[in-house]
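Reading through the structure tokens given below for one structure.
Each value in this text was obtained by applying a stated rule to the coordinates, not by laboratory testing. Source: prediction; values computed, not measured. Note that we place each Cβ from the backbone using ideal geometry, even for glycine, and neighbour counts take in every protein chain shown.
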Amino acid sequence: MQTLKQHLNTLVSRCLSEASGIADCNANVITASKPEFGDYQVNGVMSLAKQLKIAPRELAQSVIVRLLAINDPMIERMEIAGPGFINIHLQNAQLLARADAILQQPADLIPAARNPKTIVVDYSSPNLAKEMHVGHLRGTIIGDCLVRVLERQGHRIIRQNHVGDWGTQFGMLIAHLREIGSQQVDLPTQLEDLETFYRAAKNRFDTDEVFAETARQSVVKLQGGDPEYLAAWRQFIDESLQHSQAIYDKLNVTLSRKDLKAESFYNKDLSTIVDELEEKSLLSISEGARCVFLPEFTGKDGEPLPVIIQKSDGGYLYATTDLAAVRYRSHTLKVDRCLYVVDARQSLHFQQIFAVARAADFASPTIALEHIAYGMMLGSDGKPFKTRSGDNIKLVDLLDEAIRRAHRLVTAKNPGLDEAARLTIAETVGIAAVKYAELSKNRTSDYIFDWSTMLSFEGNTAPYLMYAYARIKSILVKPGATLKKYQITSLSEKAERDLLLKILQLPEIVEAVATDCYPNQLCNYLYELAGSFMRFYEACPILKAAQEIRESRLALATLTAAALSQSLDLLGIETLEQM
Ligand code: ARG
């Protein structure tokens, strides 16, 4: 089924084309920006009229004449507004018919995409040399929301965790690992805290020239495939992966080992990348390094900016691996779209990778390559979020803190609950609060991480929405709330109609998130949905109403609960029946 907006847009666009004589017009139908503008408004008339040098209100009028002739059952009435908008009011009967269908089949609340695609989502992708820190939080959470949304629409999703597991740092780590390994210490204990381990290795590297040489040799041995060194490296990687998996599990993030496509996976392809760039005459030598210069990339002074592919010592770079990854995704996996959920500071890197990949035909002309950039997480002082001593905050510590704070909150709110129940609630609420705080911000801006806002029961927060859900559920289990037939029959109160319309708009929002990859649109929607429910709940008695109205309102509440839980699920947030 088309969404309300799609249905109207198709219809009005056709009429606009007929009225203007211009083929394939887009009527640009949007949700009404103010309640007095009806349910939807047509925005596309003015620009077209301007282009044709005719009066916008006249064009609007002739669109309306055509719409009236079609007499679509969805439209109750229309009027021209302002300089040439058309306001559209929908028929209640149509809203009720849609509600009926969804109450029969709640999964239809979010219909499948009409042309499912194969999509790679590259997200989380930490560097395995160190512990995951707060800098990985946004990408992990936003990426996971996007895969959930796209998968729910029926696209085939290939998650790729492009972890950093190769390069010079690993020589240092292996050398340190082998050194302490020979002293018969328990390795898992040593690797319990990767940050400490990394610092110890780095310290050895910086202060001991002999060790530093061993470390450099270790990289050569590793990259040359020496089995002993490979084994030590595997051991380290394996341990580090367990650390990130523990975080994913705690965060209820859907990544697992099978989604790994580590940097090392592309090793075997790197020389081919160089060869193919050479064949296509795209390489030049600059200061001994092999580089690609593309005319569209210049520095501040207009100097051409290189993409370095191979250093003068033969070593490859981050960019080389990414070119191999695009090539693999495009030509081997044959995906239609590839999303890179990565820090905004890498935006030049991705612009260059995409451009080189297109020039060298590593990317098919039809594949969509999109950098889903996100900003930084800041502390309350507006500076990057760090510990007092300036270290990165480990993600595990942050999540444990969230759970601790939620536990205090739940205990204060609900002291009568037993400890085990409070703990379960605290885990769910704490994690949800952190995730929602990320998802509800516009991803491209930096944002200030603030415990008290994210854990508040008021405002656009996870606790508020989860509480709204639990509250509806509690109404639905009250005596007198059982229904034989779920059907909405009454829309006479404005609050009832507003709520139903809001619910029916969920698929439009999901579609927007799938296209633009801004999960905050879904969060804003949820906040409005919960608000619509609260207004309905205040204005319209449910259990005290006469039978027919009561049943209708219970059905409406049921539908609201379904919309809330399905949306929260897309955000990767679990719901609770009791809070
Ligand atoms: N490991 C990289 C980092 O920590 C992120 C990798 C993102 N994905 C990619 N294909 N480059 O910065």
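Proximity of backbone amide H atoms, modeled 1.01 Å from N, is registered between ILE86 and VAL42, ALA81 at under 5 Å, excluding neighbours fewer than 5 places apart on the same chain. Annotation: amide H-H contacts under 5 Å for VAL29 (H modelled 1.01 Å from N, sequence separation of 5 or more, or interchain): ASN43.
When the pairs LYS130/LYS202; LYS394/LYS435; LYS261/LYS441; LYS5/LYS502; LYS413/LYS435; LYS261/LYS334 are compared against a 18 Å limit on Cα-Cα distance, LYS261/LYS441; LYS413/LYS435 fall above it. Between SER312 and HIS331, the simple spin-label model (points 7 angstrom out along Cα→Cβ) gives 3.1 nm. By its C-alpha gyration tensor, with a ≥ b ≥ c as the square roots of the eigenvalues, how is the range 201-299 shaped: rounded for a/c under 1.5, else prolate for a/b larger than b/c, else oblate? Taking the square roots of the gyration eigenvalues as a ≥ b ≥ c, the range 201-299 is oblate. Between ARG77 and LYS53, the FRET efficiency estimated from the beta carbon spacing at R0 = 25 angstrom works out to 0.25. Taking every DSSP beta bridge that has both residues in the chain, what percent is antiparallel when rounded to the nearest 5? Here the antiparallel bridges make up roughly 55 percent for the chain. By the gyration tensor of its Cα atoms, with a ≥ b ≥ c the square roots of the eigenvalues, what is the shape of the range 110-191: rounded for a/c under 1.5, prolate for a/b over b/c, or oblate? Here the range 110-191 falls in the prolate category.
If the segment from LYS494 to LYS258 were pulled out straight at 0.36 nm per residue, it would be longer than the present Cα-Cα gap by 80.0 nm.
3J(HN,Hα) along the range 151-159, derived from phi through the Karplus expression 6.51 cos²θ - 1.76 cosθ + 1.60 where θ = phi - 60°, amounts to 5, 4, 7, x, 6, 8, 10, 10, 6 Hz, with x in place of Gly and Pro. Ranked for footprinting exposure by Cβ neighbours inside 10 Å, fewest first, HIS89, HIS155 give HIS89, HIS155. Over the chain, dividing the summed -39,500 (n - 2.57) contributions of all DSSP H runs of at least 4 residues by the number of residues returns a 222 nm mean residue ellipticity of -16500 deg cm²/dmol.
Peptides 74-82, 524-532 ranked from most to least packed give 524-532, 74-82, packing being the mean of other C-beta atoms within 10 angstrom over each peptide's residues. Think of the chain as having a plus end and a minus end, set by charges on the Cβ of Lys, Arg, Asp and Glu; of HIS176, ASN28, THR298, ASN28 sits farthest toward the positive end of this dipole. Would you please classify the overall shape of the chain from the alpha carbon gyration tensor, given that a ≥ b ≥ c denote the square roots of the eigenvalues, rounded means a/c under 1.5, and beyond that prolate means a/b larger than b/c while oblate covers the rest? Oblate, since a/c reaches 1.5 and b/c is not below a/b. Stretching the chain fully between ARG156 and GLU287 yields a gain of 42.8 nm (0.36 nm per residue, less the alpha carbon separation). Highest-first packing order for the peptide set 284-297, 27-40 is 27-40, 284-297, based on the mean count of other beta carbon atoms within 10 Å. Spin-label model, LYS34 to ALA69: label points 7 Å out along the Cα-to-beta-carbon direction sit 3.3 nm apart.
Taking the square roots of five times each eigenvalue of the Cα gyration tensor of the range 467-547, the equivalent ellipsoid has semi-axes of 27, 14, 12 Å, listed largest first. Near ALA262, the amide H atoms lying under 5 Å from its own belong to VAL163; only residues 5 or more places off or on other chains count, and H is placed 1.01 Å from N. Each residue of the range 207-224 was assigned a 3J(HN,Hα) from its phi angle through the Karplus expression (A = 6.51, B = -1.76, C = 1.60, θ = phi - 60°), giving 10, 10, 5, 5, 4, 4, 5, 4, 4, 5, 5, 4, 4, 4, 4, 4, 6, x Hz with x at Gly and Pro. The slack between LEU423 and MET1, meaning 0.36 nm per residue of separation minus the straight C-alpha distance, is 147.7 nm. When each of the peptides 457-469, 214-226 is scored by the mean number of other C-beta atoms lying within 10 Å of its residues, the order from highest to lowest reads 457-469, 214-226. Think of the chain as a dipole: +1 on every Lys or Arg Cβ, -1 on every Asp or Glu Cβ, centred on the Cα centre; then among SER445, LEU255, PRO479, PRO479 lies furthest on the positive end. Across the range 23-118, the relative contact order, built from alpha-carbon pairs under 8 Å that are at least six residues apart, equals 24 percent. Taking 7 Å steps out from each Cα toward its Cβ at LYS386 and GLU279 produces label points 4.7 nm apart. The trypsin sites (Lys or Arg not before Pro) of the range 347-398 that DSSP puts in a loop, and whose beta carbon has at most 12 other beta carbons within 10 Å, are ARG388. How much FRET efficiency would the formula 1/(1 + (r/R0)^6) give for LYS117 and GLU209, where r is the Cβ-Cβ distance and R0 is 51 Å, rounded to 0.05? Taking R0 as 51 Å, the efficiency between LYS117 and GLU209 is 0.40.
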